[in-house]
1. Among the residues of segment 155-174, count how many are under 18 Å from ASP119 (Cα atoms) and either in a loop (DSSP other than H, G, I, E, B) or not hydrophobic (A, V, I, L, M, F, W, C) (or both).
2. Suppose we filter SER69, SER80 for residues that are of a type in the set (S, T, N, Q) and either farther than 20 Å from VAL4 by Cα or touching a Leu at 6+ places or on another chain (Cβ under 8 Å) (or both); which single one remains?
3. Going through segment 158-196 one residue at a time, which ones are more than 18 Å from PRO209 (Cβ to Cβ), among the aliphatic types (A, V, I, L, M) and more than 15 Å from the chain's Cα centre (by Cα)?
4. With respect to ARG32, determine if the residue is in contact with a Leu (Cβ under 7 Å, 6 or more places away or on another chain) and on the phi < 0 side of the Ramachandran plot.
5. Say whether the condition of being more than 18 Å from GLU183 (Cα to Cα), among the acidic types (Asp, Glu), without any contact (Cβ under 8 Å) to a residue 24 or more places away in the chain and not assigned by TED's automatic domain parsing to the domain that holds PHE175 is met by at least one residue in segment 65-74.
6. Scanning segment 9-38 for residues that are free of Cβ contacts under 8 Å to residues at least 60 places away in the same chain and buried (at least 16 other Cβ atoms within 10 Å of the Cβ), which turns out farthest from ASP179 (Cα to Cα)?
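The values are calculated or read from the model by the stated rules, or taken from the named source; none is laboratory data. Because the structure is a prediction, the values reported are computed rather than measured. Cβ atoms come from the backbone with ideal geometry, glycine included; neighbour counts cover every protein chain shown.
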Amino acid sequence: MIDVEAFLAAGPTRGWTRTPLAGDASARRYERLTAPDGRTRVLMIAPAGDASTHAFVRVTAHLRDHGLSAPEILDAAPESGLLLLEDLGPTHCAAHLSGTPDDEVRIADAVADLLAALDALPVPEGLARMTPEVAGAMLAPLAHHAPRMPVGLLDEMAAVVADAVEAQCGPADRFSLRDCHAENVIWRPGRTGHARLGLLDYQDAVAAPRGYDLASWIADARRDVPPAVARRMTERLASALGMAPQDLAAAVAVLQVQRNLRILGIFARLAREEGKRRYLAFLPRVRAHVEAGLAHPALAELRPLVHEALATELERSAPA
C-alpha cells in the first residue's frame, strides 16, 4: 500500500498544485493537479482495496480500445485506490448546459450517437449482468425511502419489475456505462465525433438491457431534460439501432422507473445515514421521473404498487 503523498512524490506530477474537485455519491475523491506551466491531470482517490478501482482500470481499457474518450491512466496504484488520469477537460455537460442552454439539442444528438456506439461494443468478460431478476432485486434500497411500506410489497414490486424488463427490454447483453448522466460526461466542443464526449465514473459498468443508458440520461436526478429533447434522443437512437421508436420508448420507461425507484432509496440513505443531505433536494425530481415512467401502459401493473409504497413515505413525512 502507498499513501497519496508518497504516490504523488514518486510520480510525474511531483510538486504540482492540488485542488479538490466535486465528488459524487461514492467514497471516491478527486483532485485536479496543475503544473507550473498550466498542464493538468486528475487524481482519483478511492478507499484502499476497493474493487471499483480495478474495475475502472478494466473498463477504461475497453473503452479506449474501441476509440471512445475515457481518460488515459498515466500512473496507478490500484491496490491503494490511486489513479493518475488524463484531464479530459474542466466542464461537464450539465455545467455547460446551465450556461449555454441552446446547446441542449447539439449535445443530445452527440450523446445519442455515443449510445449507439456503446450499444455495438462487445461486453467484456466478467462484467455483471442486469438480468430481469437482478433489475428487480435492485429495488431493495427503496426500503430506505419508504421503510413503512407493507411487508411483502417490495418483493411484489421487484417481481413485477422483473416481468416488465423481461417483456419490454430484451436480454442484458448490451454494454452500459450505468451512470450515464450529464455530470459524468465532459463536453469538449473543440473535438469531433465521439471525442467531443469525455467519459467519467463508469467503474460500475454492466451488461444491461438495451436503452438503460438512455433512461439514465433523460431521467437525470440532477437536471431536467426537456421532453422534446428526450423524444428526439429516443427517435435518433432507435433509428441508429434499427428499432421502432415506440419499442425503445417502452423499454426506456421501464428502465427509468426501475432506476429511479432505486435512486430514491440510495439518496434517502445518503442523507439519513451519511449526512449528505444535499441529496434530499433531488428527491422531487426523482419521484417525477418515476411518475412519468409509470404513465406508460407497459407499467400498468406496477403503478398501483409503487403508489402504495410511496404513499407510506408521504404519510411519514407529512406535518402533524
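1. Applying the first criterion (under 18 Å from ASP119 (Cα atoms)) to segment 155-174 yields 165, 168-174.
Among the residues that remain, those that are also either in a loop (DSSP other than H, G, I, E, B) or not hydrophobic (A, V, I, L, M, F, W, C) (or both) are: 168-174.
Of the residues in segment 155-174, 7 are under 18 Å from ASP119 (Cα atoms) and either in a loop (DSSP other than H, G, I, E, B) or not hydrophobic (A, V, I, L, M, F, W, C) (or both).
2. Working: SER80 fails: either farther than 20 Å from VAL4 by Cα or touching a Leu at 6+ places or on another chain (Cβ under 8 Å) (or both).
Selected residue: SER69, the only one of SER69, SER80 that is of a type in the set (S, T, N, Q) and either farther than 20 Å from VAL4 by Cα or touching a Leu at 6+ places or on another chain (Cβ under 8 Å) (or both).
3. ALA195
4. Working: in contact with a Leu (Cβ under 7 Å, 6 or more places away or on another chain): yes; on the phi < 0 side of the Ramachandran plot: yes.
Criteria met by ARG32.
5. Checking segment 65-74: at least one residue is more than 18 Å from GLU183 (Cα to Cα), among the acidic types (Asp, Glu), without any contact (Cβ under 8 Å) to a residue 24 or more places away in the chain and not assigned by TED's automatic domain parsing to the domain that holds PHE175.
6. Kept after step one, since they are free of Cβ contacts under 8 Å to residues at least 60 places away in the same chain, are these residues of segment 9-38: 9-10, 14-23, 26-38.
Going one step further and asking which of them are buried (at least 16 other Cβ atoms within 10 Å of the Cβ), we end up with 16, 28-34.
Values: TRP16: 31, ARG28: 15, ARG29: 17, TYR30: 17, GLU31: 20, ARG32: 22, LEU33: 25, THR34: 28 Å.
Only one residue tops the list, namely TRP16.
Residue-wise test of (1) of a type outside the set (A, V, I, L, M, F, W, C); (2) in contact (Cβ under 8 Å) with a residue 40 or more places away in the chain; (3) assigned by TED's automatic domain parsing to the domain that holds LEU177.
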residue: LEU248; (1), (2), (3): no, no, yes
residue: ARG278; (1), (2), (3): yes, no, yes
residue: VAL286; (1), (2), (3): no, yes, yes
residue: LEU299; (1), (2), (3): no, yes, yes
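Let's see how each residue does on (1) within 19 Å of ALA112 (Cβ to Cβ); (2) surrounded by fewer than 19 Cβ atoms within 10 Å (Cβ to Cβ):
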{"residue": "ALA238", "(1), (2)": "yes, no"}
{"residue": "VAL252", "(1), (2)": "yes, no"}
{"residue": "PHE267", "(1), (2)": "no, no"}
{"residue": "ARG272", "(1), (2)": "no, yes"}
{"residue": "GLY275", "(1), (2)": "no, yes"}
